[in-house]
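To keep things clear, I will list the structure first and then write my remarks on it.
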Amino acid sequence: MSSRSVNPCFKFAKGKCTFGAKCHYSHSKEDQRKTHKGTKRAQHPSGQRPCTSFATTGGCRYGDKCRFSHDLTVQNDATDIENVSQAAFRTWRYLVPTKTSVTTHLGFELTQFFQQALDLINGDPGIRQEVIGKLASEGGLQWVHELTSQDMKSLPELRQREVFSTQILPFFCSISHPSVLASAVLEQSVGTIFNFLFGVHGQRAIKLFDAIVNLLSSSMLDHGSPSLVGERQMTAVTAVLSKIIHVNGTAQVIERFHPIVEALSHMLEKPSASGPDMSMYQAKKHLRRIQLRLSIGRTMPHSQLATNADLFQPTFTVDRDPPGTLSIQGRRHDNDSQEICEIRIMPTSQELQSSRMEYLPPNDPGQLHLPGLHGLLDRQFRLVREDTVGQLRDAVRHEFEQLHAEGPVTQLLKQHRARVYTYYGVAVTDFAVDRWKGLEFAVGFEQPAIVRNLSAKERREWWEVSRRLEGDSLVCLLDSESSVVFCSVSQQRESRAPVRKDKDKPLQSKLPLSESWNLYENSARAHVVLHLVRPDPSNVSQLFDWYLPGFRTGKKVLVEFPGVLLPSFQPTLLALQEMIKTADLPFAELIAPTMASSSNLIELPAPAYTAKAGFRFDLRSAMRSGESLYMSPREPFDKLALQQGSSLDESQAGALVDALSRGLALIQGPPGTGKSYTGVALIKVLLDSAAEADLGPIVCVCYTNHALDQLLEHLVDHQITKIVRIGSQSKSEKLQSLNLRVVVQQMEPTKMEKRRRWELNNSLNDEEEEIGGLVARLTDAASWTTIKEHLRVRWPQHHNQLFGGEDEDGFEIVHHHPERIIADWLRRCSKHSTLQGPRPLSQLRYSRLKYMSASESRTLHQSWISEVKNGLQRNLLIAYSSYEITKKSLNQLRNELSLRCLQQANVIGVTTTGLAKNIDLLRRLQAKVLVCEEAGEVLEAHILTALLPSIEHAILIGDHLQLRPKIQNYDLSQESLRGAKYSLDTSLFERLVEPKLTNVNRLPFSTLSVQRRMHPSIAALVKDTLYPKLTDHPSVQTYPVVPGVSKRLFWLDHSEPETGLDPQQMTATSYTNDFEVEMTAALVSHLVRQGVYKVNDIAVLTPYLGQLRKFKKRLADSFEIVINDLDLEELGKEGEEFHGKSSPTPVSKTTLLQTLKVATVDNFQGNEAAVVVISLVRSND
């Protein structure tokens, strides 16, 4: 009988050991008990828990007074219910060599080692982290080396199969486990393992995968043995190879990887014995990523979508100046590149001063400088950046001109479509580091003249009402030397620290700057706390140049862009830059085809996850009876049975079935047809199949917070549980407890995470102290003590001449006032002169000080200060860079808890902007289903970023015949003659269902056709113009008459002209009509007096913000009005403040009869009212 280890077999403890008598570990129950330490305590019959101290040491200092049980029988019982995973891990880790252990070989024990590792990784998250950490340690890598060093090709084929199945495959499954690859905490350990697998110049990986590929190929030809080319095996092999090549960039130039990839490609293209072709979907995804990184020309077909059409020819058919070095004239400036990854989001100084037009790619793929997906991402990035940053660039360029010009400065830039506020007398006054924002700094400037004579309370009210320099507002600092730094206003956070009284001394403590500097306290100077948009060394260095006295004393101004919030566009642009690096976008062949297509509809394949043999959707959640009704996406289905057994109408039932049958599903919903109702029904069906299809959480995306709140509230009302909302802008009380920030507090960090958090916080404390000390020394760079120390280290000869202990005759020099030595030397030198002119600095550094002229001494003294400043700045930049790295690691650690929380959710709700901000977190989630509502109103760039690489099923619900996405630059819209060739406001939804170009795919879509909102007489407006197939539900025929008016639909024709452009409105598109304001006020007053209308039953709409402003002022005199959140935001951008009786969140405080809705037409989208009064404003000849 083979000798067994005293270490217990944890598989035997669970009744799963398959080695029997050959097992190297003990199957003795006594050994099981010896190993267990009672991590889970049993309960004594008397109610006492067992005493851990008495159980482990045999004694307890409390004796008979101990409130825990000393009964050893209870201790033995406790071991039987101990946490098996903890005991199993302790047993497994004994196999990992340490520095003090004797190095041996595991041999056949490699099988148990890697299989047990996989079992542990499939369990508790904390243990998973510990296992990967052990595998990445020196001892763990020793066993990985033993595994990969086996000469597989020299082994008999049967032994090769055994090694692959019992050692290599468990190891590959362990290190490619989705939770392992998704973990930010394990990123370093995972990188260590994959770097080790790569080996020197990739030799270890090439040898290992060459043997694996040969074995897999031979197993496919050997019909007498089971094939090893199954879904699990191929997914693990391709996942590991993909990660190895991703981690090691040099793999792209190693030709020996290409035959391995080619062999894997041939295997995956052949039918598999384990199931249909789509069962290898994940393996094919990994292989496509490998091929992309290795630049292999032949790519795999995706879901039978390949066509025989000709390839696009990516040539310029018009006279267009291409980007970057592709231009005949060369680069426009230092921020012009043919690669969007090299373009900074915010404009550079050279870009601001460039007179050449920026390169803007058109919507025709044949005219782009990049083909396919790369061209699409490049185009979206450049157009979105031009729409957002372009207007700022033009405005700042104007400010640069004003800095160098004489005369008054204009604050309103109508010709550039951007409104700015400019503040003068700017000075950087303070610095600090913040755990969330990083480097923060206080900037002082002259108070606007309008508030200088007000009291502190009145100044505070003025700043709050004007909504200037609010949190996250975008600003930039300019100087007359053409330097520019873009910043954001820091949000003020609550702090218990006392406010600093002495404003003259720089702050070097941990007190938040927002507690020390504000806009209103000083009547002459206002202060605002900022943080950098891009905290790179050049910007940090520029700030310190402005901060130090005596350096860069040119005129500086602070420019604010009211209403422009950096988080609204920067995350999307950054996400597009990351996406183009990997070009890993689901449905890329449909969204950005590299081949021309006919105008015929393309047959869309079913979602990839439905390829599992026997998979069916259970539609019971849509049935009134709750009985199961199964639907297979690849088989015919009776839609009539669904319609008759559910509350869905014919078009809704058809849309639901089509959406479940198509990987990329498009649903058009005209007004009132139940888009949200159909979306909720879809989500309920998908959740019923989530476990079988391993869908993970369903990601629900909306453009606005208001729309997202509505969708999630619908889900809550339908008893859908485990919903998590990402983002802090929700106004729904029902969803407050479902916010990620609240839910994540219930998650317990693992031991590794706690330990790592403690280490990182300590590092941040040390680095903050170091940065504070460097800032203090930098502030004191010109003091005599600092210069003295610098001379002692760098220029000892000059130090001795100034501060030496003896004179030339050997007498000791006594310095009664050492602080005056440098000043006295400069004063004495002012009496000297030279007939030959001042000597160069290189000569002065080695000359005697007493014989220098005044100009020479000043030059040398200034060089000493510059050397001190430059050295301290260099050290400060290094320290801050280290601080940023540590802070990023701490943020990743926080995200680890959020990730585990999201992985347990059924539904995740997030706005498109929120998704882009959290894209690193959501990419680790491995979600397979995306549902986007109001997709017709969302910019294509936002949808592209929402298509996470793991998505296999995307459902876009919207209406391309209603509102288009909002953009800032009219010259980029399809309604503009100049902008039609760009059409940035064309959504992806519209482009796919109604492509404007003939060589672009047209996808099938479902249309909801029964409206339940409008009376037929009103619905006729849209049926006759936009929706000829739209029908009325019988319920709308029974609407009561409208009290106070004789007709349901009435057009008032008048000849009163519009007032014209609102002189207070900063854009060129806001019109007003005073006659319509008074007419509307009178009509609303008449309707309210009928006494039958409830809260929000009456809505007043207008297309223009200028008219909305006048309505607000006019109706506020008589009614408590409700203004749409989106319009409040728009008015806020214009510097308006709502002065009604409402609270910060506008709610009615008066009777219901006195409550109105007032909104622009665009922002009323998706809302309803019993009576709608619309003021169209425009009336001219």
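Highest mean packing first, where packing is the average number of other Cβ atoms within 10 Å per residue, the peptides 742-754, 125-137 line up as 125-137, 742-754. Remark: region 749-762, residue by residue, has Karplus-estimated 3J(HN,Hα) of x, 6, 4, 4, 5, 5, 5, 5, 5, 4, 5, 5, 5, 5 Hz, where x stands for each Gly or Pro and the curve is 6.51 cos²θ - 1.76 cosθ + 1.60 at θ = phi - 60°.
Stokes-Einstein diffusion for region 962-1011, with the hydrodynamic radius set to the Kirkwood value over Cα pairs and evaluated at 10 °C in a medium of 1.306 mPa s, equals 130 µm²/s.
Remark: region 628-670 carries 37 Å² of accessible area per residue (probe radius 1.4 Å; ligands, DNA and RNA excluded). Computed over protein heavy atoms with a 1.4 Å probe, the accessible surface of region 747-803 works out to 56 Å² per residue. In this simple spin-label model, placing a label point 7 Å from the Cα along the Cα-to-Cβ direction at both Ile1174 and Ile821 gives a separation of 8.4 nm.
Across the alpha-carbon atoms of region 896-1010, the computed radius of gyration and Dmax are 16.1, 50 angstrom.
The accessible surface of region 103-251, taken with every protein chain in place and a 1.4 Å probe, is 54 percent carbon and sulfur. State the percentage of accessible surface on region 599-647 attributable to carbon and sulfur atoms; use a 1.4 Å probe and exclude ligands, DNA and RNA. Heavy-atom surface of region 599-647 belonging to carbon and sulfur, 1.4 Å probe: 46 percent. One chain, two ends: Glu789 and Gln329. Fully extended at 0.36 nm per residue, the span grows by 160.4 nm beyond their Cα-Cα distance. Put simply, the amide H of Ile698, placed in the peptide plane, has neighbours under 5 Å in Val907, Ile908, leaving out anything fewer than 5 places away on its chain. Checking every one of the GluC sites (Glu not before Pro) in region 156-263 against DSSP loop status and a limit of 14 other Cβ atoms within 10 Å picks out Glu255. Qualifying trypsin sites (Lys or Arg not before Pro) in region 581-662, where qualification requires a DSSP coil assignment and no more than 10 other C-beta atoms within 10 Å, comprise Arg624. If you wrap the Cα atoms of region 557-686 in a convex hull and average its projected area over all directions, you get 13.6 nm².
Efficiency by 1/(1 + (r/R0)^6): what FRET value for Ser523 and Leu155, r their Cβ-Cβ distance, R0 = 60 Å, to the nearest 0.05? Computed FRET efficiency for Ser523 and Leu155: 0.10. With protein chains left intact and a 1.4 Å probe, residues in region 852-936 average 33 Å² of accessible area per residue.
The accessible-area ordering, largest first, of the residues Thr1031, Thr235, Thr111 stands as Thr1031, Thr235, Thr111, per a 1.4 angstrom probe. Could you work out the percent of alpha carbon pairs in region 130-249 separated by over 19 Å, rounded to a whole number? It works out to 46 percent of all Cα pairs. Set the bar at 31 Å for Cα to Cα. Now go through Lys581/Lys928; Lys639/Lys731; Lys437/Lys581; Lys684/Lys1112 and name every pair that lies beyond it. Over 31 Å Cα-Cα: Lys639/Lys731; Lys684/Lys1112. Under the combined filter of DSSP loop state and at most 14 neighbouring Cβ atoms within 10 Å, region 561-661 retains these GluC sites (Glu not before Pro): Glu603, Glu627. Of the solvent-accessible surface of region 841-955, computed with a 1.4 Å probe over protein heavy atoms with every protein chain present, carbon and sulfur atoms account for 47 percent.
The values are calculated or read from the model by the stated rules, or taken from the named source; none is laboratory data. A quick note: this is a predicted structure, and the numbers were derived from the prediction, not measured. Glycine gets a Cβ as well: all are built from the backbone with ideal geometry, and neighbour counts include every protein chain shown. Surface areas here come from the heavy atoms of the whole protein model, side chains and all, with no ligands, DNA or RNA. Shrake-Rupley method; radii C 1.70, N 1.55, O 1.52, S 1.80 Å.
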